Structure formats: structure tokens, C-alpha cells
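K.L.:
My structure is below; once you've seen it, I'll send some questions.
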Amino acid sequence: MPLTKAQKKKIYEEERERFKARERIEAERDRCSQPKFPQLKERIKNWIIILVFFLMLSLY
């Protein structure tokens, strides 16, 4: 038994809503997973390396 036009439209609308909800969830997940200050971590690492290097030089 084939689907009626109204049933097809209802299924299409439901799938469209699911697709949009999935896109919103993925966008939110991507936005939350990005660090707010990605360069800050790199700067901290670089300063730690520099400080350890100078500490090693001063102890030698």
C-alpha cells in the first residue's frame, strides 16, 4: 500500500526536523570542544620550556 501525499509530507517534515536538530547538536559540540584560548596553552608550554632551559643553564 503506497503512502499518501500527506503521509509523505509528514515523514519529510519529521526527517527535516531531525536533520536540523542533528546539525544544531553538532554545531554546539564543535563550539564547546574548541578551547577558548588555544594560543594560551602554546604560550605557557613555550615559557615553561624557556624557563627550564635557563634553569638548566644556571645550574650548569
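K.L.:
Can you list the HN-Hα couplings for region 44-60, worked out from phi with the Karplus curve (6.51, -1.76, 1.60; θ = phi - 60°), rounded to whole Hz and with x for Gly and Pro?
P.N.:
Result, rounded to whole Hz: 4, 4, 4, 5, 5, 4, 4, 5, 5, 4, 5, 5, 5, 5, 6, 7, 7.
K.L.:
Shifting gears a bit: For the chain, what is the largest minus smallest coordinate of the Cα atoms on each principal axis, given in angstrom and ordered from greatest to least?
P.N.:
Sorted largest first, the three principal extents are 86, 19, 8 Å.
K.L.:
Same structure, new question: Nearest 500 deg cm²/dmol is fine: what mean residue ellipticity at 222 nm does the chain get from its DSSP H runs of n ≥ 4 alone, each adding -39,500 (n - 2.57), divided by its residue count?
P.N.:
Dividing the helical sum by the residues of the chain leaves -30000 deg cm²/dmol.
K.L.:
Leaving ligands and nucleic acids out of the surface, order 45, 9 by accessible area at 1.4 Å, largest first.
P.N.:
Final ranking, largest accessible area leading: 9, 45.
K.L.:
For residue 57 and residue 33, what does the FRET efficiency come to when R0 = 35 Å and r is the distance between their Cβ atoms, rounded to the nearest 0.05?
P.N.:
0.35
K.L.:
Okay, moving on. By the scheme Lys and Arg +1, Asp and Glu -1, what is the net charge of all other residues having a beta-carbon under 13 Å from that of residue 15?
P.N.:
Counting the neighbours of residue 15, the net charge comes to +3.
The values are calculated or read from the model by the stated rules, or taken from the named source; none is laboratory data. Source: prediction; values computed, not measured. Counting neighbours? That spans all protein chains shown, and the Cβs are built from the backbone with ideal geometry, glycine included. Accessible surface is based on the protein model in full, side chains and every heavy atom, while ligands, DNA and RNA are left aside. Shrake-Rupley method; radii C 1.70, N 1.55, O 1.52, S 1.80 Å.
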